[in-house]
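Structure first, commentary second.
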Amino acid sequence: MGLIEGVMRLVFGGGRNVVAQTAEVFRVNAEADAQRGFETQAAALNQFGAEFAVPRRGAFDRFMDGLNRLPRPAMAIGTMGLFVAAMIDPIWFAERMQGIALVPEPLWWLLGAIVSFYFGARHQAKGQDFQRSVAESIARVPQVVENTKRLRELRAEGVGTADTNGDQQLAQAALKSTGNPALDDWKRSLV
């Protein structure tokens, strides 16, 4: 009994397992591997979360964000308002347009540049998104062509669709004329 106890204490004693430690040389410990994978994934998620976390912003920052969102809607609504004003009170509208006629040409150029840059940046971003979506669509073309080809093969009009594969009884049954009551009635009405 003492010999077996000594061997067991040698193998499993002291909080270690020689068999498990030896096996881990040849095969990864699944539990430890899963724990390492979990820790790696948790660290990546924490990093992504920190990257996209929005710091607490003050009233001034929120006010400026709101102010940055105003020009496009203000210009669109203002332009529509001008059309409505021209229809409701043409004299009032004409008086205002006379005032705009006095604006010097360099100021118009400046306004045009500001509006172009403001809307141009958005147009460029949307254009790049559009080009990306076109590239993705083009990448799917071979799969769509293959799917279309397969679907066309399933059509009943295709050659060989009704092929009997050499089954003589099936071929004779397909060629055998069966009665068509509607056609028979039509033929009788002609006589």
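What does the charge count around A125 come to, taking other residues whose C-beta lies under 14 Å from its C-beta (Lys +1, Arg +1, Asp -1, Glu -1)?
Details: positive: R72, R122, K126, R132; negative: D129.
Overall, the nearby charge balance is +3.
Report the local net charge at G179: Lys and Arg +1, Asp and Glu -1, summed over other residues whose C-beta lies under 13 Å from its C-beta.
+1
Taking 0.36 nm per intervening residue step and subtracting the Cα-Cα distance, what contour gain separates R72 from F119 on full extension? All intermediate terms of the calculation are to be shown ahead of the outcome.
Values: separation 47, 0.36 × 47 = 16.92 nm, distance 0.82 nm.
Between R72 and F119, full extension yields 16.1 nm more.
Under the Karplus relation 6.51 cos²θ - 1.76 cosθ + 1.60, θ = phi - 60°, what is the ordered set of whole-Hz ³J(HN,Hα) values for region 36-49, x standing for Gly and Pro?
With the stated coefficients, region 36-49 comes to 5, x, 5, 5, 5, 5, 5, 5, 5, 5, 4, 5, 4, x Hz.
Treating cross-link reach as a plain straight distance, find the aspartates and glutamates whose alpha-carbon is under 19 Å from the alpha-carbon of K126, omitting any fewer than eight places away in the same chain.
E136
Under a Cβ-Cβ cut-off of 14 Å, what is the net charge of the residues other than N68 that fall near it, where Lys and Arg count +1 and Asp and Glu count -1? Intermediate values should be presented prior to the final figure.
Values: positive: R57, R62, R69, R72, R122; negative: D61, D65.
Every neighbour counted, the sum reads +3.
Show me, for region 75-89, the HN-Hα J-couplings you get by feeding each phi into the Karplus relation (A = 6.51, B = -1.76, C = 1.60, θ = phi - 60°), rounded to Hz, glycine and proline as x.
5, 5, 5, x, 5, 4, x, 4, 4, 5, 4, 5, 7, 6, 9
How far is it, in nm, from the label point at I100 to the one at N46 when both lie 7 Å from their Cα along the line to the Cβ?
Each label point is offset 7 Å from its Cα along the Cβ direction, giving 5.9 nm.
How much FRET efficiency would the formula 1/(1 + (r/R0)^6) give for F63 and R36, where r is the Cβ-Cβ distance and R0 is 45 Å, rounded to 0.05? Let's see the in-between values first.
Details: r = 47 Å, r/R0 = 1.04.
Efficiency computed from Cβ-Cβ geometry: 0.45.
Each reported figure results from applying straightforward, stated rules to the coordinates on display, with no laboratory input. This structure is a prediction, so every number in the text was calculated from the model and none was measured. We place every Cβ from the backbone using ideal geometry, glycine too, and count neighbours over all the protein chains shown.
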